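Single-structure report; data block below.
The values are calculated or read from the model by the stated rules, or taken from the named source; none is laboratory data. Quantities reported herein were computed from a predicted structural model and do not represent experimental measurements. Glycine gets a Cβ as well: all are built from the backbone with ideal geometry, and neighbour counts include every protein chain shown.
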Amino acid sequence: MNWNFFGRRVGRASKIAIKPPEPAQDRHGICLVVIVRNEGKRLNDWLTFHAVAGVRSVILYDNMSDDDTVDVANNFKGMTVTVIPWQLHTQTVRPALILPRQILAYCHAISTFGAKFRWMAMIDVDEYIVPRGKLQISDVLDDLMSFTNISLPWTMFGHSGFDVAPTSPIPIAYNRRARRSIGALLNFKCIVDPCDVTQVSTHKFETRKMGSNSANSLGHVARNKQRKAADFITTERLQLNHYYLMSKAETESKIANGAVSGVSREQREVAIRHKAEIIEDNPIEDTAAIDFLALHKLQTPDVFNKKFKG
């Protein structure tokens, strides 16, 4: 349940309309947009992996971190990382609706930076875009240039046997996931052409060219409401690894710290524990991320950690 500034019950906007920017003549490449709070321990792994995967830039919206998140971002050498301080509590007056800071961050990124890029991906710091059998994400996206909205389903990873955080990088340490992406474990994150986006949400977008349709990584198209159909779900070519639980200790910390999206802590805990039960019910091995790093000779922790150091 959501409440307004005066203690009255209020709704929550699930999508926001936007006017897309005019594309720059030399726009190219992919930019990641992420909103974080106190992710200093995990951020370098995420940045390193995506820099290796050919990401050109990251726009990082910092939700009042009081750890070293901003320092890690500012000192990263593998690509351009732009840090935006981002602390908003906004509501419309009539009708009374909370405007989620995550969706507002996406709108700001598209409007302010979108003209420079062919692609923008709105993902979280526990989500990794993994090229399958390719050296870079762009090697797949180059074959999908006729589309302006790509949907990637979650591939949900669990504890992989860790009670506390491992010393190895996240994409190397965690290699056990849920058997299938179904039910509570199935949602999407999107890679879009920012200069074509007309409607923004967390898990779905609309564009001028495709309307409320989206393509998967194989180029098959479905309406946003029909993406959960079995013939649309695929991890071929691009796989979105969602390291949702990580160690048992980190899961408990995740529950205690709340969400940057503004969802209530009680709702968040129920959702996390439900997903955890499904993920940890007979998980299977998945080495897609390790296989990708092996193509770059970065599959060992020491080599991975040294990639952009010094």
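Observations on the structure shown:
- For region 108-136, the set of residues classified as of a type in the set (S, T, N, Q) and either buried (at least 23 other Cβ atoms within 10 Å of the Cβ) or over 30 Å from Ala165 (Cβ atoms) (or both) consists of Ser111, Thr112, listed by residue number.
To keep it simple, each residue is scored yes or no on (1) crowded, with 20+ Cβ neighbours inside 10 Å; (2) under 30 Å from Ser264 (Cβ atoms).
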| position | (1), (2) |
| --- | --- |
| Ala13 | no, yes |
| Lys19 | no, no |
| Glu22 | no, no |
| Val72 | yes, yes |
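- Criterion: in contact with a Lys or Arg (Cβ under 9 Å, 6 or more places away or on another chain), at pLDDT 95 or above and of a type in the set (Val, Ile, Thr) - qualifying residue of Ile137, Ile191, Ile170: Ile170
- Meets criteria (among the charged types (D, E, K, R), farther than 30 Å from Val164 by Cβ and touching a Pro at 6+ places or on another chain (Cβ under 7 Å)) for Asp45: no
- Asp139 being surrounded by fewer than 18 Cβ atoms within 10 Å (Cβ to Cβ) and either without any contact (Cβ under 8 Å) to a residue 60 or more places away in the chain or of a type in the set (D, E, K, R) (or both): yes
- Of the residues Asp142, Asp126, Asp68, the single one that is under 18 Å from Pro194 (Cβ atoms) and of a type outside the set (A, V, I, L, M, F, W, C) is Asp142.
- Filtered by the rule that a residue be surrounded by fewer than 17 Cβ atoms within 10 Å (Cβ to Cβ), closer than 23 Å to Ser111 by Cα and either of a type in the set (D, E, K, R) or without any contact (Cβ under 8 Å) to a residue 12 or more places away in the chain (or both), region 28-67 gives no residues.
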